[in-house]
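The block underneath contains the structure these notes are about, expressed in structure tokens.
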Amino acid sequence: MHVQKIDHIGIAVKNAAERLKFYTDFLGLKDVHTEEIKERGIRVHMIKVGESKVELLEPMNEQSEISKFLEAKGEGIHHVAFNVEGIDEAVELAKKLGFQPLSDAPRPGAGGTRVLFFHPKSVGGVLVELVEGHH
């Protein structure tokens, strides 16, 4: 596996339309891609910032993992994502080194990517995501 860059910072929000104003109106960032991941109950808004992105995560329903996060912690940073090549190697390597993936294999992510999350307790209190592919 090879890490290429920080792909994005995920931020949980209750109302993306309201929060987007800061990024588009104030910061002047205009390259925004919006997509729904229905199986996870999430609407994502990817805002390009140079080579990286800010991802606003908005719940689509009460069962969404983002709804649960917002209820427990409120709005704020949800995760840090690294863009990688060779994500399939990551599960076994992580287990071998004592890091806890949240799934046994990469899952479909936004924009046709494949993603793998790691339990925050195993990587210093931060939810970490690996992303393979480009949005």
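Restricting the search to region 10-56, which residues are under 19 Å from Arg107 (Cα atoms) and among the small types (Gly, Ala, Ser)?
Gly10, Gly41
Give the residue that is surrounded by the fewest Cβ atoms within 10 Å (Cβ to Cβ), with candidates limited to residues of region 37-54 that are without any contact (Cβ under 8 Å) to a residue 24 or more places away in the chain and under 18 Å from Leu27 (Cβ atoms).
Step by step, filter region 37-54, then rank; the result is Gly50.
Can you pull out every residue in region 18-30 that is at pLDDT 95 or above and either within 24 Å of Glu71 (Cβ to Cβ) or of a type outside the set (A, V, I, L, M, F, W, C) (or both)?
Glu18, Arg19, Leu20, Lys21, Phe22, Tyr23, Thr24, Asp25, Gly28 - these are the residues of region 18-30 that are at pLDDT 95 or above and either within 24 Å of Glu71 (Cβ to Cβ) or of a type outside the set (A, V, I, L, M, F, W, C) (or both).
Please specify each residue of region 7-47 satisfying the condition of being closer than 17 Å to Met60 by Cα, charged (D, E, K, R) and part of a strand (DSSP E or B).
Looking only at region 7-47, we keep the residues that are closer than 17 Å to Met60 by Cα, and these are 10-20, 33-46.
Filter again for charged (D, E, K, R), leaving 14, 18-19, 35-36, 38-40, 43.
Matches in region 7-47: Glu35, Glu36, Arg43.
Here's a check for you: in region 5-30, which residue that is under 21 Å from Ala72 (Cα atoms) and hydrophobic (A, V, I, L, M, F, W, C) is farthest from the chain's Cα centre (by Cα)?
Within region 5-30, the match that is farthest from the chain's Cα centre (by Cα) is Ala16.
For Phe69, state whether it is surrounded by 15 or more Cβ atoms within 10 Å (Cβ to Cβ) and either over 16 Å from Asn15 (Cα atoms) or without any contact (Cβ under 8 Å) to a residue 24 or more places away in the chain (or both).
Details: surrounded by 15 or more Cβ atoms within 10 Å (Cβ to Cβ): yes; either over 16 Å from Asn15 (Cα atoms) or without any contact (Cβ under 8 Å) to a residue 24 or more places away in the chain (or both): no.
In short, no.
Identify the residue in region 112-132 that is exposed (fewer than 14 other Cβ atoms within 10 Å of the Cβ) and in a helix (DSSP H, G or I) and, among all such residues, is farthest from the chain's Cα centre (by Cα).
The qualifying residue farthest from the chain's Cα centre (by Cα) is Lys121.
So how many residues does region 59-105 have that are more than 30 Å from Glu18 (Cα to Cα) and either under 13 Å from the mean Cα position of the chain (by Cα) or part of a helix (DSSP H, G or I) (or both)?
Number of matching residues: 11.
The values are calculated or read from the model by the stated rules, or taken from the named source; none is laboratory data. Being a predicted model, the structure only gives us computed values, none of them experimental. Backbone-built Cβ (ideal geometry, glycine too); neighbour counts: all protein chains shown.
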